[in-house]
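Structure first, then comments.
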Number of protein chains: 4
Amino acid sequence: MLRIAVLGFGRIGRMHASNIAAHPQAALAGVFDAHEAAADEVAERLGVRKFPSVAAVFASSEVDAVLIATSTPTHADLVEQAVAAGKPVLCEKPIDLSFARVEACAQKIAGAATPVMLGFVRRFDAGHRAVRDAVHAGAIGDLHQVVITSRDPGMAPTAYIEASGGIFRDMTIHDFDMARFVLGEEPTEVTAVGSRLVDPELMARYEDWDTVSVVLKAPSGRQCIINNSRRAVFGYDQRVEAFGSAGMAISENRRPHMMTIHGATATGSGAPLLNFFIDRYAEAFAAEIGAFVDAIEKGWPAEVGFEDGRRALLLAEAAIRAVAEGRTVRTSEIG
Amino acid sequence: MLRIAVLGFGRIGRMHASNIAAHPQAALAGVFDAHEAAADEVAERLGVRKFPSVAAVFASSEVDAVLIATSTPTHADLVEQAVAAGKPVLCEKPIDLSFARVEACAQKIAGAATPVMLGFVRRFDAGHRAVRDAVHAGAIGDLHQVVITSRDPGMAPTAYIEASGGIFRDMTIHDFDMARFVLGEEPTEVTAVGSRLVDPELMARYEDWDTVSVVLKAPSGRQCIINNSRRAVFGYDQRVEAFGSAGMAISENRRPHMMTIHGATATGSGAPLLNFFIDRYAEAFAAEIGAFVDAIEKGWPAEVGFEDGRRALLLAEAAIRAVAEGRTVRTSEIG
Amino acid sequence: MLRIAVLGFGRIGRMHASNIAAHPQAALAGVFDAHEAAADEVAERLGVRKFPSVAAVFASSEVDAVLIATSTPTHADLVEQAVAAGKPVLCEKPIDLSFARVEACAQKIAGAATPVMLGFVRRFDAGHRAVRDAVHAGAIGDLHQVVITSRDPGMAPTAYIEASGGIFRDMTIHDFDMARFVLGEEPTEVTAVGSRLVDPELMARYEDWDTVSVVLKAPSGRQCIINNSRRAVFGYDQRVEAFGSAGMAISENRRPHMMTIHGATATGSGAPLLNFFIDRYAEAFAAEIGAFVDAIEKGWPAEVGFEDGRRALLLAEAAIRAVAEGRTVRTSEIG
Amino acid sequence: MLRIAVLGFGRIGRMHASNIAAHPQAALAGVFDAHEAAADEVAERLGVRKFPSVAAVFASSEVDAVLIATSTPTHADLVEQAVAAGKPVLCEKPIDLSFARVEACAQKIAGAATPVMLGFVRRFDAGHRAVRDAVHAGAIGDLHQVVITSRDPGMAPTAYIEASGGIFRDMTIHDFDMARFVLGEEPTEVTAVGSRLVDPELMARYEDWDTVSVVLKAPSGRQCIINNSRRAVFGYDQRVEAFGSAGMAISENRRPHMMTIHGATATGSGAPLLNFFIDRYAEAFAAEIGAFVDAIEKGWPAEVGFEDGRRALLLAEAAIRAVAEGRTVRTSEIG
């Protein structure tokens, strides 16, 4: 049994804790949360051990690995501490909003053998992964274009937007990772367009965008188109299309069930899409824990490593500059 | 050029005339309709030759073949006359509502070399035919079950119902033919259930049913389920499913276009289905003319012959008795 | 916390145990299995309490309710014992293969206040339930026809077939329950056709059928068509269609993910269907436990009661006779 | 009857001629083709009048309107001549490959009352039009993003590529028009990326691209993403998606029929997509003739005018520059 502690016991931390508990080779070693009251009460009700501090977690001989689900600004520090303590770590994305901080963290943990895995959960979605697998197996021949549609079901709260680092670092970053996952090659040119259409006032206040289109290009000429919106009223719009010389693979949207209605004015009407990531990627989150456990127990390399986190952020930085300057930005200009 | 005359110049006759005119190897030799006024006016406007009588059509050296689209009670007589005149004939279904009359007609034309083709147009639908072809090519292995869904978009006018011979002879007859087409074997046992749900009063008046379920069984044990309704508010519901030892083929419904809407309460809502047979089977009607022309010009056997019309009616007779007596009726009990 | 003991710790019992453990208001009180060795080992590995006998389960003050997942011949006895002990019970279907035994059991437990729930899990499938809800909410107007397609992914082992009671009592019984669930009215006439197409020799040996079509009719005239096969190579074919005066609702098949491939010879090719009931109805099994817990904790009536089990078996008996005698059998002829 | 002459009697001209002949308010006045032999033979076989010269067409009192289906370099001249002769004209796209020539043509015909219609046939596709109509009717709220997927089924012949003016002027130009049609607003910023992946050698020879991604932005902030490929092995990939504040409308691909196959390794496999524009847009070409006839007979403005042709070419010029310079190009930089 691999004993995993969860740092951060909010909504996402609790979901991870539940997946850890359900995994046949893993056990929940306990939790830590900086905000005592609410999380404590939940932990007590569930009979989960509470650690008094982060230090106590890293010092405990009853903790084999940690999962970081705290707020973004703490991620890099905690990753460094976990590596220093020799505890394998699965960290929620992003590593940090500052590319410089990520670079510093990378240097600090360089050379350490402790597994570090990044929580790009969409890589573990059965449909998206099947697209990647089809590409890698040659089922669509040589890959030419990837099209990623990724729209949230609703605008995030203002406090979230304020701390998010902007749409490219917060939301598109998942798609940058998916692009790399499917392309199988590092994109080196980034072109991006941003608009304020969902909540123009809010976006203007934070110099952010709520509607963006990005085109990535890799040295081979392969292209990836990403389109994002902060609000799709019909649910969480998550599609990945790979187009190649011998065919096309598409991971389509998912709905809570497959019931459709035929009526006098419309046919084939299904339910709205699954509403957000906790529902849409429920199986993927469980599979992510499985991959983390495998990486540690079998000594396999983590399927999504620190470098993947750094690369995705690098593309975000390039996209931000591309919008600002109205031109294609090469990743070599960033780092 | 094969010169084809059309007998009966109502809505269906005109559609056939138009398809004949558009066929590269066929020409419209002229039309005859018993109801002078309306049809004449159309014929004149379109510059189509009018024949003064059926006799004139059959006597004309400028008529190579005839298409019968007159009212049902005239079909058997006209088929006999056409065969007597040596004019190949494509006759709209059914041959006659009386099984005895059909048997008599069969005897009368027996031995004649003149091609007689029946208008079971659904055999020429690309989707239904692809199901049949998949079955015959072994793509689904040994055939086990056929499921035919066939629902009209709306209740026919009372006058039509009155003269229709009942749902089994008028509507299910198409499905009996489709069952034979896909099964590739003669069904010999007929079980059927009838209900009055769409217009109970009208149905009771004519001792008819508007909602029926039929199960056919062939000597090999293969089954075919047919379900009919006189009114599907979402359009003309026409599906054929073939299930076998190695897979399943389904001919799905068709809509006027492939636009779908995703909204806050429903996703994937498409337009209602194509409304009725003139629209749904438009390409099939054209292909039917093509098959008729091929049968004559190339000396091929008609794809749907007189015997197919007789067989379908025989199954209708068995179904009527099965409902009446609440038991499985063997076709050998009918004829 | 509702403490539930599981009787029978085979594959299905273990799945139920896992769902009970994961339910926030329920806990696994322990398990009993007649076959010591294998089950014991699993129980020990999972740290689950083992009861030495059924009697010990019913006597325990630490057991609030029981779930029966033992072999079919023990069901009726265990239900009677559970009711005698005042332990609410969720029993896997069927109650018994003998209609007489079910009637006797019904009499024995008549009047007892102890909740008895039957495991017709498909009622808890989100898609099938959405069809039922659409019907009951009037979304498709007056219901006219229900079409249930239900095909297993592969022929069951010979030992299973031998003890199954035949396809109608073992497999179609789920569809009889679904028919009643969607119809909202008791079917009173049963017509059925059986064939031996998947494994003719095996079926002949047990006087069973592997391919059946059933038509049910209710007093209102509403019809329900059921079609079954013991083997669909493309997976577990589970569809429910409700057709009415104002529209149609369909619960379509489910696949493990929504990835499709477009290639030179085929487009839209998805993965095979989810393979069998443990996968296809995974969420439904969890929801079933939820309904059982709610029934007990909130004093609600069980959503699927003993009478539902009896009614489904009654329809199976009628279907068996309908095939044997080639006629429509009224349920009043059975019981 | 509106008598329409067809200039250019190749494959496309013949298709237009056939649609004109089939239109109830139009008649084929005759044809002219510069290449005598082949076209003449067809015209004779079909009994179509041949004009000896373009001048004869424009001079004829038996020609009410002309359709230009000649080679691209002749379009602008013929449009000018048609306008000078007062003959309403439907001209295949593009007007010319040179933006300067288009501007000159625009000046020459400025002020003339003669209707000039451009053959952007996709506007008449029922599905694409339904998307546009949904947008304009407010069915998806405020429009935010348009995504156009447009991939040819196979690389065009070298001679065609050589004379095409490049992918943006030849192929994307249809999508630029569709973007304007759906956006309902002039895009003013063009960003584009081009790759050589399908036939790198051929593309390099003509300094062309076979795989492109374009992002358009309008003053309101609305975005349109276009992706093109010269070869999709699964058929002619033609999709239009409009995403807005209240929903999404998608015009999906079309296949020759709706038959799907379920097998042991794949489910839902349909036929490849309709192969190319003559098939995919067959109904749209007929509707285009209908719109042309209506524009003339009812005095309605042409649904697609000269300015639409000019605007689409302007976007193509901007895209070419955007790729060359790796930056967003404003349309005001072009003209």
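The values are calculated or read from the model by the stated rules, or taken from the named source; none is laboratory data. Worth saying up front: this structure is predicted, and the values here are computed from it rather than measured. Cβ atoms come from the backbone with ideal geometry, glycine included; neighbour counts cover every protein chain shown. Quick note on the areas: whole protein, heavy atoms, side chains included, nothing else; ligands and nucleic acids left out. Shrake-Rupley method; radii C 1.70, N 1.55, O 1.52, S 1.80 Å.
Just give me the residues in the range C:29-57 being open to solvent by less than 50 Å² (accessible area, probe 1.4 Å) and free of Cβ contacts under 8 Å to residues at least 40 places away in the same chain, in sequence order.
At the first step, the residues of the range C:29-57 found to be open to solvent by less than 50 Å² (accessible area, probe 1.4 Å) are C:29-33, C:39-40, C:42-43, C:48, C:51, C:53-54, C:56-57.
Within the range C:29-57, C:ALA29, C:GLY30, C:VAL31, C:PHE32, C:ASP33, C:ALA39, C:ASP40, C:VAL42, C:ALA43, C:VAL48, C:SER53, C:ALA56 meet the criteria.
Apart from one condition, B:MET258 fits all of (1) touching a Ser or Thr at 6+ places or on another chain (Cβ under 7 Å); (2) open to solvent by less than 30 Å² (accessible area, probe 1.4 Å); the exception is (2). In the range D:80-184, which strands (runs of 3 or more DSSP E) lie fully inside it and hold 2 or more residues that are open to solvent by less than 20 Å² (accessible area, probe 1.4 Å), within 14 Å of another protein chain (Cβ to nearest Cβ) and in contact with a helix residue (DSSP H, G or I) (Cβ under 6 Å, 6 or more places away or on another chain)? Those strands (runs of 3 or more DSSP E) span D:143-151. Scoring D:SER245 on the criteria (1) within 11 Å of another protein chain (Cβ to nearest Cβ); (2) at pLDDT below 95 leaves a single failure, condition (2).
Please specify each residue of the range C:221-240 satisfying the condition of being more than 8 Å from chain B (Cβ to nearest Cβ), in a loop (DSSP other than H, G, I, E, B) and open to solvent by 10 Å² or more (accessible area, probe 1.4 Å). Spell out how you get there, then give the answer.
Pass one, the range C:221-240, residues more than 8 Å from chain B (Cβ to nearest Cβ): C:224, C:226, C:228, C:230, C:235-236, C:238-240.
Filter again for in a loop (DSSP other than H, G, I, E, B), leaving C:230, C:235-236.
Result: no residue meets the conditions.
The residues of the range B:300-332 that are of a type in the set (Asp, Glu) and either closer than 19 Å to C:VAL323 by Cα or touching a Pro at 6+ places or on another chain (Cβ under 9 Å) (or both) amount to a single one, B:GLU325. Within the range D:98-128, being out of contact with any His (no Cβ under 8 Å at 6 or more places or on another chain) and among the basic types (Lys, Arg) holds for D:ARG101, D:LYS108, D:ARG123.
Screening the range C:282-335 for residues that are outside any helix (DSSP H, G or I) and touching a Leu at 6+ places or on another chain (Cβ under 9 Å) and picking the one that is surrounded by the most Cβ atoms within 10 Å (Cβ to Cβ) gives C:VAL304. Within the range B:271-281, restricting attention to residues that are of a type outside the set (Ser, Thr, Tyr) and crowded, with 16+ Cβ neighbours inside 10 Å, which residue is farthest from B:SER229 (Cα to Cα)? Ranking the candidates gives B:ALA271 first.
Does A:GLY268 satisfy being open to solvent by 40 Å² or more (accessible area, probe 1.4 Å) and over 22 Å from the mean Cα position of the chain (by Cα)? Answer is no for this residue.
Go through the range B:183-204 residue by residue and tally those that are polar (S, T, N, Q) and within 22 Å of the chain's Cα centre (by Cα).
Within the range B:183-204, the first condition is being polar (S, T, N, Q), and the residues that meet it are B:188, B:191, B:195.
Now restrict to residues that are within 22 Å of the chain's Cα centre (by Cα): B:188, B:191.
The qualifying residues number 2.
Which residue is farthest from the chain's Cα centre (by Cα), if the candidates are limited to the range B:3-28 and must be open to solvent by less than 10 Å² (accessible area, probe 1.4 Å) and among the β-branched types (Val, Ile, Thr)? Restricting to residues being open to solvent by less than 10 Å² (accessible area, probe 1.4 Å) and among the β-branched types (Val, Ile, Thr), the top hit is B:ILE4. Scoring C:THR74 on the criteria (1) in a helix (DSSP H, G or I); (2) over 26 Å from the mean Cα position of the chain (by Cα); (3) closer than 30 Å to C:SER98 by Cα leaves a single failure, condition (2). Taking A:ARG14, is it among the basic types (Lys, Arg), without any contact (Cβ under 8 Å) to a residue 24 or more places away in the chain and in a helix (DSSP H, G or I)? Considered against the rule, which asks whether it is among the basic types (Lys, Arg), without any contact (Cβ under 8 Å) to a residue 24 or more places away in the chain and in a helix (DSSP H, G or I), A:ARG14 comes out as no.
B:ALA179 fulfils the conditions (1) over 27 Å from B:PHE277 (Cα atoms); (2) small (Gly, Ala, Ser); (3) under 15 Å from the mean Cα position of the chain (by Cα) except for a single criterion, (1).
Cβ-Cβ contacts under 6 Å between residues 6 or more apart (or on different chains), taken from a first residue in the range B:141-158 that is at positive phi to a second residue that is surrounded by 21 or more Cβ atoms within 10 Å (Cβ to Cβ), are listed as B:GLY141/B:GLY244. Pairing each residue of the range C:279-292 that is in contact (Cβ under 8 Å) with a residue 24 or more places away in the chain with any residue that is part of a helix (DSSP H, G or I) and open to solvent by 40 Å² or more (accessible area, probe 1.4 Å), provided the two are 6+ apart or on different chains, yields C-beta distances under 8 Å for C:GLU283/C:ALA126; C:ALA284/C:ALA126; C:ALA286/C:ALA22; C:ALA287/C:ALA126.
Could you say whether any residue in the range B:207-220 is within 12 Å of chain C (Cβ to nearest Cβ) and in a helix (DSSP H, G or I)? No, the range B:207-220 contains no residue that is within 12 Å of chain C (Cβ to nearest Cβ) and in a helix (DSSP H, G or I).
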